[in-house]
Amino acid sequence: VFPHGMLDPWFKRRYPVKHLKKWLYWPWGDYRVLRDAGAVFFTCEQERRDARESFFLYRAKEEVLGFGITAPVDNAAGQLAAFHARFPALGNRRLLLFLGRMHEKKGPDLLLRAFAKVPSDLHLVMAGPVDSPYAEWLQRLARELGLDDRVTWTGLISGDVKWGAFRAAEAFVLPSHQENFGISVVEALACRCPVLISDKVNIWREITADSAGLAEDDTQAATDRLLTRWLELPAAERAGMPDRAQACFERHFQVEEVAHHLLRTLQTLTST
C-alpha cells in the first residue's frame, strides 16, 4: 500500500471535523487494510513517522521506499536562454524562486513577508497560476509590503522556461505547511539549485543531511530566519551547495534508483 501522504497529521489539525468523520470508518476500513498489507510504503522517513500520529489505532509493516523523478534534459544553457528570453529584465538579478500553486498551504505569504526584510539586491520570482482569489490577495500583499519592483509574477511556466527558472535562481524557497514529498523541491535539486524549505516538507531530513539546502519551521519567524541563514552562509559553503544539491538528487530521488529499490523490496517481500 502507498499512502502518498494521506496519513499526514496536518489534515487532522487543519480539518478536525473531517477527521472525526473519518474515525467512524477507520477501524472497519483503512486500519485493516494497512494492518493486513504485506508492506506499507512511505516516500521518506518523515512521512513514516508522521503516519503514526493521525490515528491512535494504527499498525503497519512500514517500509521507506522513496520516490523519484526523471532528471531534466541536460541542456542547461538552452533552458537558461529560454527563461531569459521570456523574462529579459531578470538577466542580471540575484534570484530566489518560488514555483508551485498559489495556495495558503504552501506558505507564499510567509515568503513575501520574509523577503520584504532582506537586502534589496535580491529579486523574487513567483512562478505559478495567478488566476485565483488567493493569488490576487498575494499580489496585493506584495504591493503593501513595497515589493512591486522586487517580485516578478510569471504565471504558469513549463518546459525549458521552467527548468531555466530553477537554473537561474540561486535558491528555491518553499516554506510549506505540508508537503508529503515536494516534486518542485526535487526538480530544483535536479537542476543544481539549493533549496530553502520548511520542516513540513517531508524530505527535509534527506536534504539537510546532504547539506543540499536549509530547513526551518513553518512559522513567520522561522521563514525570516531561513532567508537570513542563507544570506549569512560563508561564500565558500554557498558556492559548494549546487554540487551537493545534484548529489542529493542522484542519491535519493532519481527515479531509476527508486525503481531498483522497489524491485528489490518486492522480491524480498515475495520470497518470505
Just to compare against my own numbers: the Cα pair-distance distribution for the chain, 10 Å bins, whole % per bin, please. 7, 27, 33, 22, 10, 2, 0
Where a ≥ b ≥ c are the square roots of the eigenvalues of the C-alpha gyration tensor, would you call segment 50-200 rounded, which needs a/c under 1.5, or, failing that, prolate if a/b is larger than b/c, or oblate? oblate
Give the ranking of GLU53, GLU237 by solvent-accessible surface, highest area first, calculated with a 1.4 Å probe. GLU53, GLU237
What's the FRET efficiency of ARG229 with LEU141 using the Cβ-Cβ distance as r and R₀ = 25 Å, to the nearest 0.05? 0.60
Could you report the accessible area of HIS260 in Å², rounded to 10, computed with a 1.4 Å probe on the protein chains as they sit in the structure? 90 Å²
Distance in nm between label sites at VAL130 and TRP153, each 7 Å beyond Cα in the beta-carbon direction? 0.4 nm
By DSSP, what percent of the beta bridges with both residues in the chain are antiparallel, rounded to the nearest 5? 5 percent
Given an 8 Å cut-off on Cα distances and at least 6 residues of separation, report the relative contact order of the chain as a percent. 20 percent
Cross-link candidates for LYS12: which aspartates and glutamates have Cα within less than 16 Å, leaving aside residues fewer than 8 places away along the same chain? ASP30, GLU47, ASP50, GLU53, GLU179
Estimated FRET transfer efficiency when R0 is 22 angstrom, pair LYS21-HIS103 (beta carbons, to 0.05): 0.45
With every protein chain in place, what's the accessible area of SER132 (1.4 Å probe, Å², nearest 10)? 30 Å²
Could you please put LYS22, LYS117 in sequence from largest to smallest accessible area, using a 1.4 Å probe? LYS117, LYS22
Report, to the nearest 10°, how far helix 235-248 tilts away from the longest principal axis of the Cα atoms in the chain, using its own Cα long axis and a range of 0 to 90°. 40 degrees
To the nearest 10 degrees, the tilt of helix 16-25 (Cα long axis) against the first principal axis of the alpha carbons of the chain is 30 degrees
Rounded to the nearest 0.05, what FRET efficiency do ARG14 and SER211 have when you use their Cβ-Cβ distance and R0 = 41 Å? 0.85
Where does each of PHE2, PHE87 land when they are ordered by accessible area, with a 1.4 Å probe and the largest first? PHE2, PHE87
Mind pulling the angle between the C-alpha long axis of helix 159-168 and the longest principal axis of the chain? Nearest 10 degrees, somewhere in 0 to 90. 70 degrees
Among VAL17, VAL33, VAL64, determine the one that fluctuates most according to a GNM of the chain built with springs between C-alpha atoms less than 10 Å apart. VAL17
Taking a ≥ b ≥ c as the square roots of the eigenvalues of the Cα gyration tensor, with a/c under 1.5 meaning rounded and otherwise prolate when a/b exceeds b/c and oblate if not, segment 38-129 is oblate
Summing -39500 (n - 2.57) over every DSSP H run of at least 4 in the chain, dividing by its residue total and rounding to the nearest 500, the 222 nm mean residue ellipticity is -13500 deg cm²/dmol
State to the nearest 20 debye the size of the charge dipole of segment 3-70 about its Cα centre, where the only charges are +1 on K and R beta carbons and -1 on D and E beta carbons. 380 debye
Any idea what the dipole of the chain comes to, in debye rounded to 20, about its Cα centre with Lys/Arg Cβ at +1 and Asp/Glu Cβ at -1? 680 debye
Using a ≥ b ≥ c from the Cα gyration tensor of segment 1-68 (square roots of the eigenvalues), is it rounded, prolate or oblate, where a/c under 1.5 gives rounded and otherwise the larger of a/b and b/c decides, a/b for prolate? oblate
Run the quick spin-label model on GLN220 and HIS261: label points 7 Å from Cα toward the beta carbon, then report their separation in nm to one decimal. 3.8 nm
At what distance in nm do the modelled label points of ILE183 and ASP121 sit from each other, each positioned 7 Å from its Cα along Cα→Cβ? 3.7 nm
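The values are calculated or read from the model by the stated rules, or taken from the named source; none is laboratory data. Just so it is clear, the model here is predicted, and its values are computed rather than measured. Every residue, glycine as well, gets a Cβ built from its backbone with ideal geometry; the counts of neighbours run over all protein chains shown. These area figures cover heavy atoms from the full protein model, side chains too; ligands, DNA and RNA do not enter into them. Shrake-Rupley method; radii C 1.70, N 1.55, O 1.52, S 1.80 Å.
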